[in-house]
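Chemist: Below you'll find the structure I mean.
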Amino acid sequence: QVQLVESGGGLVQPGGSLRLSCAASGSRLSILAMGWYRQAPGKQRELVAIITRGGSTNYADSVKGRFTISRDNAKNTVYLQMNSLKPEDTAVYYCNAAPGNFWGKGTLVTVSS
């Protein structure tokens with residue numbers, strides 16, 4: 001079993017930045033592919049960014065150039081740096097680990113003036 005705990009969410013003004021963290025336990029992060037997903041009110045959960053075991057990354061078109069996913073295997077932690085935030089980025093952000101399809105409980109990001 002893999003346990004994932006997200007942190008770093010909060011209220012930020014449009015144009016601001018936040019860094020989300022996802023701490024993994026129960027497995028070495030280096031063997032996992034990790035992803036960040038988000039779910040806005042009334043919408044389906046969607047992929048934001050993924051990072052493979054080898055460090056390759058992929059992003060949703062809506063966040064390309066603004067968000068950066070990274071991993072620190074020594075700390076068993078994955079990060080999502082979010083810059084130039086927009087109101088439409090408001091959502092609960094979830095961390096995912098594969099294989100096994102493990103999920104954290106999420107952290108709320110609210111972008112509002």
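Chemist: Per residue, what volume in Å³ does the Cα convex hull of the stretch 28-72 take up?
Modeler: That works out to 83 Å³ per residue.
Chemist: Continuing with the same structure: Modelled label-to-label distance, residue 28 and residue 62, 7 Å Cα→beta-carbon offset: nm?
Modeler: Taking the simple label geometry, residue 28 and residue 62 are separated by 3.6 nm.
Chemist: Give me a comma-separated list of calculated 3J(HN,Hα) values for the stretch 56-68, in order, Karplus coefficients 6.51, -1.76, 1.60 applied at θ = phi - 60°, integers in Hz, x for any Gly or Pro.
Modeler: Computed from phi, the couplings for the stretch 56-68 are 6, 10, 8, 10, 5, 4, 5, 10, 4, x, 10, 10, 9 Hz.
Chemist: Charges only on Cβ, +1 for Lys and Arg, -1 for Asp and Glu: so what's the dipole of the chain about the Cα centre, in debye to the nearest 20?
Modeler: Charge dipole of the chain: 160 debye, to the nearest 20.
Chemist: With label points built 7 Å along Cα→Cβ from the Cα atoms of residue 5 and residue 74, find their separation and express it in nm.
Modeler: Reported label-point gap for residue 5 and residue 74 is 2.2 nm.
Chemist: Then there's this: Using Cα-only point scatterers and the Debye equation, what is log10 of I(q)/I(0) for the chain at each q in 0.09, 0.10, 0.17 Å⁻¹, rounded to two decimals?
Modeler: Here log10 of I(q) over I(0) equals -0.20, -0.25, -0.73.
Chemist: Amide H of residue 106 versus every other amide H placed in the peptide plane: which residues, excluding those fewer than 5 positions away on the same chain, fall under 5 Å?
Modeler: Amide H neighbours of residue 106: 6, 95.
Chemist: Starting from the residue with the highest accessible area, list 110, 77, 68 in decreasing order, probe 1.4 Å.
Modeler: Final ranking, largest accessible area leading: 68, 110, 77.
Chemist: At most 16 other Cβ atoms within 10 Å and a DSSP loop assignment: could you name the trypsin sites (Lys or Arg not before Pro) in the stretch 36-105 that fit?
Modeler: 43, 45, 53, 64, 66, 105
Chemist: Same structure again: Whose amide H sits under 5 Å from the amide H of residue 90, counting only residues 5 or more places off or on another chain, with H placed in the peptide plane?
Modeler: Here the answer is 111, since their amide H atoms fall under 5 Å of that of residue 90.
Chemist: Choose one of 59, 77, 31: the residue whose Cα lies farthest towards the positive end of the charge dipole of the chain (beta-carbon charges +1 Lys, Arg; -1 Asp, Glu; about the Cα centre).
Modeler: Toward the positive end, the furthest listed residue is 31.
The values are calculated or read from the model by the stated rules, or taken from the named source; none is laboratory data. For clarity, every value in this text was computed on a predicted model and none was experimentally measured. Here the Cβ is made from the backbone with ideal geometry for all residues, glycine too, and neighbour counts use every protein chain on show. Only protein heavy atoms, including side chains, enter the accessible area calculation; ligands, DNA and RNA are left aside. Shrake-Rupley method; radii C 1.70, N 1.55, O 1.52, S 1.80 Å.
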